Amino acid sequence: MRQRAVRDQQRLDSGAVTSPKDLENLQREIVSLAKRQGDLEDVVLEVMERRESAQERVAELTERVSSVEAKADDAAARRDAALEEFDGQVAAVTKERELIAASVPADLLKLYEKLRVQQGGVGAARLFRRRCEGCQLELNITEVNEVRAAAPDAVLRCENCRRILVRTSESGL
Ligand SMILES: [Zn+2]
């Protein structure tokens with residue numbers, strides 16, 4: 001289009017076109033071509049601006065993706081560390097339990113294991129202020145008297161939930 005405008009201008013300048021009508025047509029075409037060129041330049045400019053804005057958006061989104069990925073990596077690392085710590089605690093508690101279990105008489109351990117399975121994981125409960133902490137029920141006076149009369153090494157059971165009752169200084173006896 002620009003070449004055509006140059007060619008038209010050259011024809012006009014050369015003086016080869018002499019007819020007034022042809023001259024007028026030529027001039028009109030030059031003006032029209034200049035206007036179209038201007039319009040196209042505006043379009044090009046607008047496209048470039050939009051491209052620039054799209055590139056900015058891409059850069060911004062890329063940065064956000066990186067940031068989210070970094071957060072996800074960080075969370076995964078913390079989760080792994082927590083799991084590792086948890087595994088360590090489980091191993092330590094398991095070891096501790098094995099040591100304690102080894103010191104408990106076999107028949108008592110068997111009873112405890114049976115109750116533990118029956119009672120949702122808790123086979124023995126502390127007797128605290130005359131209350132069984134397994135089922136939360138308070139012992140009646142007859143039961144309290146029975147506990148008081150029992151030998152220190154006797155295995156006591158809660159009348160309500162059947163769990164092994166563990167006496168302490170805070171049993172309220
Ligand atoms: Zn109980």
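This table checks each residue for (1) of a type in the set (A, V, I, L, M); (2) near the ligand (Cβ under 10 Å from one of its atoms); (3) surrounded by 12 or more Cβ atoms within 10 Å (Cβ to Cβ); (4) within 27 Å of GLU98 (Cα to Cα).
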{"position": "GLU113", "(1), (2), (3), (4)": "no, no, yes, yes"}
{"position": "GLY120", "(1), (2), (3), (4)": "no, no, no, yes"}
{"position": "GLU143", "(1), (2), (3), (4)": "no, no, yes, no"}
{"position": "CYS158", "(1), (2), (3), (4)": "no, yes, yes, yes"}
Practice task
Determine the pairs where a residue that is of a type in the set (Lys, Arg), located within region 65-92, has a partner that is loosely packed, with under 10 Cβ neighbours inside 10 Å and not in a helix (DSSP H, G or I) with Cβ atoms under 8 Å apart, the partner being 6 or more residues away or on another chain.
Solution key: none
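Yes or no: region 74-92 includes at least one residue that is assigned to a loop (DSSP other than H, G, I, E, B) and either out of contact with any helix residue (DSSP H, G or I) (no Cβ under 6 Å at 6 or more places or on another chain) or more than 16 Å from the ligand (Cβ to nearest atom) (or both).
The answer is no, given that none of the residues of region 74-92 is assigned to a loop (DSSP other than H, G, I, E, B) and either out of contact with any helix residue (DSSP H, G or I) (no Cβ under 6 Å at 6 or more places or on another chain) or more than 16 Å from the ligand (Cβ to nearest atom) (or both).
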Problem - Every residue from region 84-111 that is of a type in the set (Ser, Thr, Tyr) and more than 40 Å from the chain's Cα centre (by Cα) - result: SER103
Handout entry: Odd one out for SER103, checked against (1) among the polar types (S, T, N, Q); (2) within 16 Å of the ligand (Cβ to nearest atom); (3) farther than 17 Å from ARG162 by Cβ
Key = (2)
Practice task
Kindly list, by first and then second residue, each pair from a residue in region 13-30 that is without any contact (Cβ under 8 Å) to a residue 12 or more places away in the chain and surrounded by 10 or more Cβ atoms within 10 Å (Cβ to Cβ) to a residue that is of a type in the set (D, E, K, R) and assigned to a helix (DSSP H, G or I), limited to pairs with Cβ atoms under 6 Å and residues at least 6 apart or on different chains.
Solution key: VAL17/ARG11
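Computed from the coordinates by the stated procedures, all read-outs in this text should not be read as laboratory data. Quick caveat, the model's predicted, so the values are computed rather than measured. Cβ: placed from backbone, ideal geometry, glycine included. Neighbour counts: every protein chain shown.
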